[in-house]
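Trainee: First the structure, then my questions, so here it is.
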Amino acid sequence: EEEEAKLQNGGFLLCPPVSGSGVGVPAGTALEEPLRSCRLRSEEERRGSSPPPFGPGDDAGSRAQAALSVRTSRSRAEPTAQAPAPLGFTNVNLNSRNTYEVSRRRSAPEHLPHGGTALAAPAPPQEQAERARRAGIAGAGSSFAEFFTRNFFTKRTKELKPAVLSAPGWKLFGKVPPRENLPKDSKIIQQEYEARTGRMYKPPPPSARRKNIEFEPLSTTALILEDRPANLPAKSVEEALRHRQEYDEMVAEAKKREIKEAHKRKKIMRERFKQEENIASAMVIWVNEILPNWEGMRTTRRVRELWWQGLPPSVRGKVWSLAVGNELNITPELYEIFLSRAKERWKSFSETSCENDVEDAGASVADREASLELIKLDISRTFPSLYIFQKGGPYHDLLHSVLGAYTCYRPDVGYVQGMSFIAAVLILNLEEADAFIAFANLLNKPCQLAFFRVDHTMMLKYFAAFEVFFEENLPKLFLHFKSYSLTPDIYLIDWIFTLYSKSLPLDLACRVWDVFCRDGEEFLFRTGLGILRLYEDILLQMDFIHIAQFLTKLPEDITSEKLFSCIAAIQMQNSNKKWAQVFASLMKDNKEGDKNHSPALKS
């Protein structure tokens, strides 16, 4: 009974009432102060004496001590009982989480019947004594540190909730959970469709298939053939058939588109090969026949026809230099002199770093060498797609030197925005000194000099001459521009300042330069009319703003064959007058008008 009461009380013995006193120890004394009862029991073991009686006013410690002494005396008074267990610490089961769990586990029977949860029969006295002895030894070997470090509260482990697998579907907002199922292959989708509809797909015989891979369409996603998610209604048979038909139509359209693009690529490659063959054969003629006899053959019909077809890149720079000439008699030594002067000015600008002085000096017409500082800003915007003229590129310093030397050579002109594109094209085809010589002589032509010196009178005469041939060749587009008051200066200034090197692709601009070196300034305005003729149908559908934007940045897919066919269709004659005659008559009318409005003539 004592052992069973101890097990039910969590490993502590309840103190029985003392005979004659009529006072009992409360049942929860050992549970209230387990540490003190263990300590008193240990002292009793060492002393070997019985505890004194206690009264109602004694504390819990004295009551526990009396309970231990009563238990010892009772065990000695029973001769029939077995030997008592050795004294020691009360078994508290240090491995348990709390005393409640200990009492619950120990009070439960070790072997329950299958039919219920009835308590088992009490163990025999020998088994109880052996259990008490083992509990005393375990309690004696335990330490107080383990008692204080044991867990008095149960730990709740986080239960892993099973993942809820929602049906895949579409979400309007938020993150879409990743699909666990791997994407189906097109063959698997086709097999599922055939199994569901009962239609079998018969592939064409191997002989009917095209052997040229180039004409095969690109891969298409057969998303329309997939089943709907589980949270949506399934497709009907009619809808599945309609989707299959739509998929077949998409594949057929893709095949047609790919075949068309493949034919286009083949045509471009054939034209390129043909052009390269013509250039190779023309290069032999230019090197062996034309260049050695330049002065005698440059005006012949054969040379002019070859010139119109485009110069071979290997002889382009040489032909440009010969066609532009060197009327200014510039030498490479003169270039080095002005280059050194430009470097001195750059050094002085970097030392003083007076931006206000630079701006004031740049605004002065008498000294435009201060515009050297503007070159650094404009070089970075020259052919940005090539990445060769920007800072750190292979031609950055070269372009900087040519523009700086020209600014010091012609301080009356200085540097004007747009010169960097002309100098860059020359640098790509000529050596440094030769590029400077061609650059200086090219800008000394009447048309370029009028534009770069911003001579408004001359610029207006050029615009008036352009409008004469514009009305003659494209009357409908001319009236459309007039209705929007769109004047030629809006789009011609950028074309003339850069010689079309900024508006057209570089290879096409170089071919325009080829014929410009042959025909002179007339071809610049003829090229402008050719561009307007090429895009006449598009421009007729646009308003003022869209026309200005379109002509400022022309489409990149423009080809030389289309452009030069339109240029060839432009007739530079008006009432049996050519460009030079029309421009001369305009200049003459301007001079007569100035005389009529002169104050001296009026007086």
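The values are calculated or read from the model by the stated rules, or taken from the named source; none is laboratory data. Bear in mind that the values here come from a model prediction, so they are computed numbers and not experimental data. In this analysis, Cβ positions are derived from the backbone assuming ideal geometry, glycine residues included, and neighbour counts consider all displayed protein chains. Ligands, DNA and RNA are stripped out before the accessible areas are found, and what is left, the full protein with its side chains, is counted by its heavy atoms. Shrake-Rupley method; radii C 1.70, N 1.55, O 1.52, S 1.80 Å.
Trainee: Distance between the C-alpha centers of the stretch 519-533 and the stretch 551-577? Whole Å please.
Mentor: 6 Å
Trainee: Through the Karplus equation 6.51 cos²θ - 1.76 cosθ + 1.60, θ set to phi - 60°, convert the phi angles of the stretch 408-417 into ³J(HN,Hα) values in whole Hz; use x for Gly and Pro.
Mentor: The phi angles translate into 6, 6, 10, x, 6, 9, x, 9, 10, 4 Hz.
Trainee: What figure in square angstrom, to the nearest 10, would you give for the accessible area of residue 272 with a 1.4 Å probe?
Mentor: 120 Å²
Trainee: I've got another one for you. Work through the residues other than residue 532 whose Cβ is under 14 Å from its Cβ and net out their charges, Lys, Arg +1 and Asp, Glu -1.
Mentor: Values: positive: 476, 482, 526, 533, 562; negative: 467, 471, 472, 536, 537.
Taking every other residue near residue 532 into account, the sum is 0.
Trainee: Between residue 285 and residue 390, what is the label-to-label distance in nm when each label sits 7 Å out along the Cα-to-Cβ direction?
Mentor: For residue 285 paired with residue 390, the spin-label model returns 4.1 nm.
Trainee: Could you look at the stretch 239-309 and say what percent of its accessible area is carbon and sulfur, using a 1.4 Å probe and all protein chains? Walk me through the intermediate numbers first.
Mentor: Details: 2780 of 5280 Å².
C and S fraction of accessible area: 53 percent.
Trainee: Between the stretch 267-291 and the stretch 386-451, what is the separation of their alpha carbon centroids in Å?
Mentor: Each part's Cα centre sits 29 Å from the other's.
Trainee: Give, as a single signed number, the net charge of other residues whose beta carbon lies under 12 Å from the beta carbon of residue 465, with Lys and Arg counted +1 and Asp and Glu -1. Could the numbers behind the result be given before it?
Mentor: Details: positive: 461, 526, 577, 578; negative: 467, 471, 472, 521, 522, 589.
Taking every other residue near residue 465 into account, the sum is -2.
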